[in-house]
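The values are calculated or read from the model by the stated rules, or taken from the named source; none is laboratory data. Treat the numbers as computed from the prediction; the structure is a model and nothing was measured. Note: ideal-geometry Cβ built from the backbone for every residue, glycine included; neighbour counts use all protein chains shown. Heads up: the accessible areas ignore ligands, DNA and RNA and are worked out on the full protein's heavy atoms, side chains in. Shrake-Rupley method; radii C 1.70, N 1.55, O 1.52, S 1.80 Å.
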Amino acid sequence: VVSPPDRLGGGPDGRPTTTWPLIVEVQHGGAGGRVGIAVSRSRPGLEIFDTELRIALRPAFEVIGIVPQVSIPVVQLEHGGAVRAGIGAPLERWTFPGSADPPRWRVGALAMLSAELPISTRMAGRVSVSAGTLLSHPLKATDALEDYLPTHTWRRALGVGMVWRL
């Protein structure tokens, strides 16, 4: 896919494209603090662009992530619901399907805010928003065009899910 760029100036830039990951999360705790771990898998593409051209490759990577996390309630809602704030430390394994390159491991930081509303005694619905970054870019300058400029990989996420209480 080739399309006009949406930024001006600088040399070629590159970033992973938007993806819909599959995430499974396990938490321990009750109405107070919780600790948990989330495991995810996604297959983002790659966008490389400069002032005159944008190239998008999909899918370009396979990303397996593990995110240890902690959260605390910040607002109690009626009927047992709560708004929770949390932090996490993603550890991700980036591989390149069809490439002989070894996997690349990246770590990062994540902050999240979620609202849980009970549906039954064992089920709750959850809506969450999060933002975070990886401490180093998954790509190297040798992966792309000459004069490639790696930038921080910021992420923003909106999630909707179900919580099952044991």
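Just to be sure I understand the filter: pairs with C-beta atoms under 8 Å, separated by 6 or more residues or on different chains, first member in the stretch 69-89 and hydroxyl-bearing (Ser, Thr, Tyr), second member open to solvent by less than 40 Å² (accessible area, probe 1.4 Å). Which pairs pass?
Short answer, once both residue conditions are applied: 71/34; 71/36; 71/84; 71/85; 71/86; 71/114.
Identify the residue in the stretch 80-139 that is more than 21 Å from the chain's Cα centre (by Cα) and of a type in the set (S, T, N, Q) and, among all such residues, is modelled with the highest pLDDT.
The first filter runs over the stretch 80-139 and keeps only residues more than 21 Å from the chain's Cα centre (by Cα), leaving 80-82, 98-102, 117-124.
So of that shortlist, the ones also of a type in the set (S, T, N, Q) come out as 99, 120-121.
Details: 99: 79, 120: 91, 121: 86.
Out of the qualifying residues, it is 120.
Could you list all residues from the stretch 140-166 that are at pLDDT 80 or above, more than 19 Å from residue 47 (Cα to Cα) and open to solvent by 80 Å² or more (accessible area, probe 1.4 Å)? Step through it out loud before you land on a result.
Within the stretch 140-166, the subset at pLDDT 80 or above is 155-164.
From what is left, the residues that are more than 19 Å from residue 47 (Cα to Cα) are 158-164.
Once the filter is applied, which keeps residues that are at pLDDT 80 or above, more than 19 Å from residue 47 (Cα to Cα) and open to solvent by 80 Å² or more (accessible area, probe 1.4 Å), the stretch 140-166 yields 158, 160, 162, 164.
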